[in-house]
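Q: Got a structure for you, written out below as structure tokens; questions coming shortly.
The values are calculated or read from the model by the stated rules, or taken from the named source; none is laboratory data. No experiment lies behind these values; they were computed from the predicted model shown. As a convention, Cβ positions derive from the backbone with ideal geometry for all residues, glycine included, and neighbour counts pool all protein chains shown. Please note that ligands, DNA and RNA were not included when accessible areas were found on the heavy atoms of the full protein model with its side chains. Shrake-Rupley method; radii C 1.70, N 1.55, O 1.52, S 1.80 Å.
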Amino acid sequence: MARLRLGVLISGRGSNLQALIEACQGLAFPAEVACVISNVRGVQGIERARAAGLPSVVVPHTGYPDRESFEADLTRVLYAHGADLVCNAGFMRILTASFFEEWPDRVINIHPSLLPAFPGLRTHERVLAAGCRFTGCTVHFSRPEVDAGPIIIQAAVPVRPDDTPDTLAERVLTEEHRIYPLAVRWLAEGRVHLEGGRVLVSGTEIPGGALVNPAG
Ligand code: GAR
């Protein structure tokens with residue numbers, strides 16, 4: 001069966017990209033990375049793509065008069081590489097409604113919190129300031145609102161009393177690298193269904209596809 005072709009959008013380090021690359025290197029994995037696009041030049045994620053022998057393209061958002069023309073070029077590059085699904089992996093640009101019209105329910109994102117709590121930036125700092133006992137990460141279908149959309153999978157991470165934003169980020173990131181490939185696998189296997197604005201995942205014992213990691 002044809003593998004699902006991923007267009008991965010990044011802006012920086014690319015550790016989630018790396019997790020996807022490594023998952024896709026598994027012969028039985030039902031997806032492959034078709035291309036990597038960064039809106040920022042010289043980032044580590046582009047090096048990771050090159051090291052894996054994958055096509056990478058830099059589309060600097062600064063070169064466009066408006067978001068729509070930037071996004072039209074993203075779409076051109078994605079189509080040129082035969083992408084089926086757009087995976088935002090630390091892609092730090094807001095995408096407008098016209099991009100989502102081009103890619104209906106075909107854009108997913110990873111965010112380092114248990115959405116809908118703490119969308120946006122400086123997540124771990126805000127989690128600590130709020131005194132949360134648990135945080136985590138979420139893979140979800142993207143919508144034009146920042147870090148919003150139907151949840152595909154989440155992993156929970158306990159907050160420790162001595163956590164700093166950095167220690168928390170590190171433990172959450174480990175879970176991000178686990179759940180992003182899993183979400184892609186479920187999508188590629190056709191097991192992810194949108195019903196009434198919520199995601200149902202067939203073939204998992206876990207209702208709604210939520211994944212809690214009791215071991216933390
Ligand atoms: C990740 O923690 C990802 O969840 C977050 O940016 C980081 C990118 O790291 N994304 C967001 O905050 C989206 N709102 P990476 O480049 O090493 O994958």
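Q: Restricting to bridges with both residues inside the chain, how much of the DSSP beta-bridge set is antiparallel, in percent to the nearest 5?
A: DSSP beta bridges in the chain are roughly 45 percent antiparallel.
Q: Which order do E175, E101 take by accessible area at a 1.4 Å probe, largest first?
A: Most to least solvent-accessible, the answer reads E101, E175.
Q: Same structure again: Semi-axes of the chain's equivalent ellipsoid from the Cα gyration tensor, sqrt of 5 times each eigenvalue, largest first, rounded to whole Å?
A: In descending order, the three semi-axes are 26, 20, 17 Å.
Q: Using alpha carbon centroids, what distance separates region 148-189 and region 108-125, in Å?
A: 10
Q: Right, another one. Report the paramagnetic label zone for E195: residues of region 108-124 whose backbone N is under 12 Å from a point 7 Å from Cα along the Cα-to-Cβ axis.
A: none
Q: Sort 179-185, 28-34, 89-95, 190-196 by packing, meaning the average of other beta carbons within 10 Å per residue, with the highest value first.
A: 179-185, 89-95, 28-34, 190-196
Q: Which order do peptides 109-121, 68-80, 161-173 fall in by mean Cβ count within 10 Å, highest first?
A: My ranking of the peptides, most packed first, is 109-121, 68-80, 161-173.
Q: Suppose each label sits 7 Å from its Cα in the direction of the beta carbon; what would the L121-S202 distance come out to in nanometres?
A: Each label point lies 7 Å from its Cα, and together they span 4.2 nm.
Q: Next question. In nm, to one decimal, how far is the L27 label point from the R50 one, both placed 7 Å along Cα→Cβ?
A: 3.1
Q: For region 1-128, what is the relative contact order in percent, using Cα pairs closer than 8 Å and at least 6 residues apart in sequence?
A: Averaging sequence separation for qualifying contacts and normalising by length gives 27 percent for region 1-128.
Q: Next question. Separation between the E170 and A129 pseudo-spin-labels, each 7 Å from Cα along Cα→Cβ, expressed in nm?
A: Once both label points are built, they end up 2.4 nm from each other.
Q: Give the Rg/Rh ratio for region 90-145, taking Rg as the radius of gyration of the Cα atoms and Rh as the Kirkwood radius, to two decimals.
A: Rg divided by Rh gives 1.04.
Q: Averaging sequence separations of C-alpha pairs under 8 Å and six or more residues apart, then dividing by the length of region 58-216, give the relative contact order as a whole percent.
A: Value for region 58-216: 18 percent.
Q: Then there's this: Using r as the Cβ-Cβ distance of V146 and R41, and R0 as 35 Å, what FRET efficiency do you calculate, to the nearest 0.05?
A: Here the calculated transfer efficiency is 0.90.
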